[in-house]
Amino acid sequence: MAKTVDQGFEEFLKRLVPTEAQRSAGASHRASVKGALESKLTVWNFFETGSFSHGTGVRHHSDIDALVSLGNSKPGSSYTALTWVKDALSARFPLTTVRISRPAVQVLFGGGYETWEVIPGFLTSSGDGAMIYDIPSPVTGGGWISAAPREHNDYVNECNKEPGQGNAKALARLVKAWKYYCNVPVSSFYLEMRAAQHVKSIDAYIHVWDICLLLEKLRDNELADMNDPKGASSRFSATSSDSMRADALSKVKTAATRARKALDAYRADDADTAFYYLDLLFGGQFPSR
């Protein structure tokens, strides 16, 4: 049991890291997913892009994200490209649930214990070292948007060095834990980029302070679309529909209030009250005191 708030956060972050068994399972399916795509489509490149491999995933919640760069001619409809990927994966895994969930195709291995999300992409630019792809929009019924996943991972890595090694990824993992434990319909990628942006803007970092400040920023800007800090792709949306946005806004307001109460208690050396509000903030999953 943690005695201080700072110890509570350190214990919590340890619990959030995916297990070695999860990492091994993901690695074991990589070749079969790639092979399934190559057997049906022209694959130029295939690489993991998301939080699981990038050090910001949450145990039992983060999917394994990958982008498949296709050499086929880009169709007019992004749904067509998603269907190509779904059909290729369904042919290889006929007893596994394979479904479209924009902007990706999900493969639910083990009934969902391990989920791969494969995003079809078409390379549109590789100038100045930036690899930019057209990928399906996450918005229901949407077309195409620009994405630069490697550049965005590089941005998080850059921010992770300021103001102390590891803080951008720690804050990203914390805000994603809030998302998963409180069922908040907001993009994990959006939260990760906002967390990195926040850490880049500060001179000192403390978990209880900065999760509060980040949530208050999200509340105050009302989950506004975010400009790409690398200037390589489209603006990032927090949610994929108006109904999800309303739900997410309601939950971020509640979260910001709880985080502020936890911070106020921390500043007043009232650890019991701080732990109480942090447990509420993280859906009953924060360590006990």
Condition broken by Ala21, with the remaining ones in (1) loosely packed, with under 15 Cβ neighbours inside 10 Å; (2) at pLDDT below 95; (3) over 30 Å from Cys159 (Cβ atoms); (4) among the hydrophobic types (A, V, I, L, M, F, W, C) satisfied
(3)
Assess whether Asn157 counts as being within 29 Å of Ala130 (Cβ to Cβ) and free of Cβ contacts under 8 Å to residues at least 12 places away in the same chain.
yes
Would you confirm whether any residue within region 242-258 is in a loop (DSSP other than H, G, I, E, B) and crowded, with 16+ Cβ neighbours inside 10 Å?
no
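Working only within region 103-119, note down all residues that are of a type in the set (A, V, I, L, M, F, W, C) and under 17 Å from Trp144 (Cα atoms).
Hits for region 103-119 are Ala104, Val105, Val118, Ile119.
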Across (1) charged (D, E, K, R); (2) under 30 Å from Met131 (Cα atoms); (3) more than 17 Å from the chain's Cα centre (by Cα), Asp279 clears everything bar (2)
Please enumerate the residues belonging to region 113-149 that are buried (at least 19 other Cβ atoms within 10 Å of the Cβ), modelled with pLDDT under 90 and more than 19 Å from the chain's Cα centre (by Cα).
Met131
Within region 32-112, which strands (runs of 3 or more DSSP E) (wholly inside it) include 1 or more residues that are in contact with a Gly (Cβ under 7 Å, 6 or more places away or on another chain) and surrounded by 22 or more Cβ atoms within 10 Å (Cβ to Cβ)?
64-70
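The values are calculated or read from the model by the stated rules, or taken from the named source; none is laboratory data. Treat the numbers as computed from the prediction; the structure is a model and nothing was measured. Heads up, the Cβs are rebuilt from the backbone with ideal geometry, glycines too, and the neighbour counts pull from every protein chain shown.
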